[in-house]
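**Q** Take this structure first; my questions come after.
The values are calculated or read from the model by the stated rules, or taken from the named source; none is laboratory data. Fair warning: this is a prediction, and the values are worked out from it, not measured in the lab. For accessibility, only protein heavy atoms count, side chains too; no ligands or nucleic acids. Shrake-Rupley method; radii C 1.70, N 1.55, O 1.52, S 1.80 Å.
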Amino acid sequence: MTRERYAKEKFSTAVYLLAVGQKDVRKRLRSAYREFFPVQVEDLPLELREDYRWILHQLSRFEPRSEFEGGRVPATLSRIRNSTGSKIADRIYSIYEKLLEMDRT
């Protein structure tokens, strides 16, 4: 399996979880993150890498306040607004959409 195909599969599942999840966007982002975090920046085409770096940065901006918070991603998701979460979700979808377009060409 190629690296791009692997990334596309991971982002496909992440987009599905974002779309059908029963919780607010921050909770859905946590589920989506679990799917795509194994994807390395190098697994993506050059033109998508900066977007992916942005997503990873946005999801890990805050240090945990305690050992019980569970790491940077849960700490960040507990502090961001839903509107910020929506922007991150939009960028995840954008990467997935571009990966699909690349398959068609």
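**Q** How about segment 1-45: which of its residues are open to solvent by 70 Å² or more (accessible area, probe 1.4 Å), over 23 Å from residue 78 (Cα atoms) and not in a helix (DSSP H, G or I)?
**A** 1, 2, 40
**Q** Can you pull out every residue in segment 50-105 that is open to solvent by less than 30 Å² (accessible area, probe 1.4 Å) and polar (S, T, N, Q)?
**A** Within segment 50-105, 58, 76, 94 qualify.
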